[in-house]
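Worksheet: the structure to be examined is printed underneath.
What follows draws every value from the coordinates through simple rules; no lab data is involved. Note that this is a predicted model, so its numbers are computed, not measured. Positions of Cβ are backbone-derived with ideal geometry, glycine not excepted, and every protein chain shown enters the neighbour counts.
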Amino acid sequence: MRFGDVVICVASLSVILVLVGIPVEMVLSPALAEWPYVTSAISYLLTTLIGGYIFAGKIWEEARIKTMVQIMVLAATLMAFYVISFPAIPHWGLAVKDAYEAANPGVELSNSEWFTVESMTLAKIMFIDVAMVLVLGFIGLYVGSMLRRPSGK
């Protein structure tokens with residue numbers, strides 16, 4: 001699979017994630033409010049199942065595992081850039097502060113300590129999201145491409 005095909009696949013996965021993720025979040029978030037990563041995991045898995053099915057021909061064309069790894073590494077990089085943008089969301093820092101103060105009542109932190117808390121929160125979110133994209137994405141691509149296996153293989 002050429003790099004251009006990998007880029008098209010990841011761009012398609014991004015669009016599919018929006019089309020699948022928003023309805024999944026709307027339906028499951030009220031029921032799974034205490035487990036926010038479950039809805040993301042379901043969205044990632046469904047998205048890559050669909051993407052694996054759609055791009056099965058390209059995935060089976062060459063070394064299947066290598067192609068899936070290329071797709072997922074690029075998708076994980078895209079996810080990392082997305083997560084890096086979180087501090088630009090209005091009230092992101094305040095939400096981190098509220099969560100920290102709820103977990104540690106009465107603790108007073110300096111500005112540099114708040115910077116560290118926000119940085120570590122961002123690193124935690126990035127680690128979890130990138131890991132989910134890599135693992136669930138690989139599983140979804142593999143299973144999705146198996147559902148549409150070429151007749152000769």
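Looking at the P(r) of segment 100-153, how many percent of alpha-carbon pairs lie beyond 17 Å? Value for segment 100-153 (Cα pairs over 17 Å): 61 percent. Candidate membrane-span-like segments in the chain, meaning DSSP H helices with Cα atoms spread over at least 18 Å of their own axis and a Kyte-Doolittle mean of 0.0 or above, are 3-28, 36-54, 64-84, 111-147, with no membrane implied.
Here the dipole of segment 67-153 is about 820 debye; that uses its Cα centre as origin and unit charges on the Cβ of Lys and Arg (positive) and Asp and Glu (negative).
Spin-label pair Ala102-Arg148: with each label point 7 Å from Cα along the Cα-Cβ axis, the two points sit 4.1 nm from one another. Label positions at His91 and Val15, each projected 7 Å from the Cα along the C-beta direction, are separated by 3.3 nm. I'd like the distance between the alpha-carbon centres of segment 105-119 and segment 6-78, rounded to an integer number of Å. If we compute the Cα centre of each part, the gap is 35 Å.
Think of the chain as a dipole: +1 on every Lys or Arg Cβ, -1 on every Asp or Glu Cβ, centred on the Cα centre; then among Ala131, Thr39, Gly52, Gly52 lies furthest on the positive end.
Below 28 Å Cα-Cα, how many Lys pairs turn up in the chain? Only count pairs eight or more apart in sequence, or on different chains, if you could. Lysine pairs meeting both conditions in the chain amount to 5. Among Phe115, Phe3, sorting on how many other beta-carbon atoms sit within 10 Å of each Cβ, with the fewest leading, yields Phe3, Phe115. A value for volume of the Cα convex hull per residue in Å³ was derived from the coordinates, and within the list (1) 230; (2) 194; (3) 118 it appears as (3).
Placing +1 on the Cβ of every Lys and Arg and -1 on the Cβ of every Asp and Glu, with nothing else charged, gives segment 3-147 a dipole about its Cα centre of roughly 480 debye. Its relative contact order, with pairs defined as Cα atoms under 8 Å and 6+ residues apart, puts the chain at 40 percent. When each of the peptides 76-83, 133-140, 45-52, 98-105 is scored by the mean number of other C-beta atoms lying within 10 Å of its residues, the order from highest to lowest reads 45-52, 133-140, 76-83, 98-105.
Report summary: the helix-based calculation at 222 nm, which adds -39500 (n - 2.57) for every DSSP H run with n ≥ 4 and divides by the residues of the chain, gives -27500 deg cm²/dmol.
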